1. Quick one: in the range 49-61, of everything that is small (Gly, Ala, Ser) and assigned to a helix (DSSP H, G or I), which residue is surrounded by the most Cβ atoms within 10 Å (Cβ to Cβ)?
2. Being of a type in the set (A, V, I, L, M, F, W, C), under 26 Å from residue 19 (Cα atoms) and not in a loop (DSSP other than H, G, I, E, B) is the filter here; which residues of the range 62-90 pass it?
3. I need the full set of residues from the range 21-67 which are closer than 25 Å to residue 8 by Cα and either of a type outside the set (D, E, K, R) or touching a residue at least 60 places away in the same chain (Cβ under 8 Å) (or both), in order please.
4. Out of all the residues in the range 15-36, which are part of a helix (DSSP H, G or I) and either of a type in the set (A, V, I, L, M, F, W, C) or modelled with pLDDT of 75 or more (or both)?
Amino acid sequence: MASASAQQLGQTASEVTRRNLGIKPTITVPRLTQFSIIVDRALIEGVISFLKRAFGLDRATWRGELSFRSYVWSGVLAANLLTLARHELA
């Protein structure tokens, strides 16, 4: 059952990626142009709050740095796939 779910997730991610490859970028910046990106604290806290509410990423139960990175990466990947799926359905 787990392998079937993983396979379905992989197929869905591939399909969403394939569909979105043809979308032209909304912002183009000439190469070697210097610019600043301002990240607001509220934006970061909003993303963290979303990960906590939607995927239960409240406290990492996996031990070690590599496990922690995997734990966070899996939550962020799941959130991005959910966001893409919601965007596709809208």
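The values are calculated or read from the model by the stated rules, or taken from the named source; none is laboratory data. If you're wondering where the values come from, they're calculated on a predicted model, not measured in any experiment. Counting neighbours? That spans all protein chains shown, and the Cβs are built from the backbone with ideal geometry, glycine included.
1. Start the filter on the range 49-61 by keeping residues that are small (Gly, Ala, Ser), which leaves 49, 54, 56, 60.
Okay, now just the ones that are also assigned to a helix (DSSP H, G or I), so 49, 54.
Details: 49: 10, 54: 13.
Across the range 49-61, the extreme among qualifying residues is 54.
2. As a first pass, look at the range 62-90 and keep what is of a type in the set (A, V, I, L, M, F, W, C): 62, 66, 68, 72-73, 76-79, 81-82, 84-85, 89-90.
If we keep only those that are under 26 Å from residue 19 (Cα atoms) too, we end up with 73, 76-79, 81-82, 84-85, 89-90.
Once the filter is applied, which keeps residues that are of a type in the set (A, V, I, L, M, F, W, C), under 26 Å from residue 19 (Cα atoms) and not in a loop (DSSP other than H, G, I, E, B), the range 62-90 yields 73, 76, 77, 78, 79, 81, 82, 84, 85, 89.
3. 21, 22, 23, 50, 51, 54, 55, 56, 57, 67
4. Scanning the range 15-36 gives 15, 16.
Residues checked against (1) at pLDDT below 85; (2) surrounded by 10 or more Cβ atoms within 10 Å (Cβ to Cβ):
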residue: 8; (1), (2): yes, yes
residue: 38; (1), (2): yes, no
residue: 47; (1), (2): yes, yes
residue: 63; (1), (2): yes, no
residue: 66; (1), (2): no, no
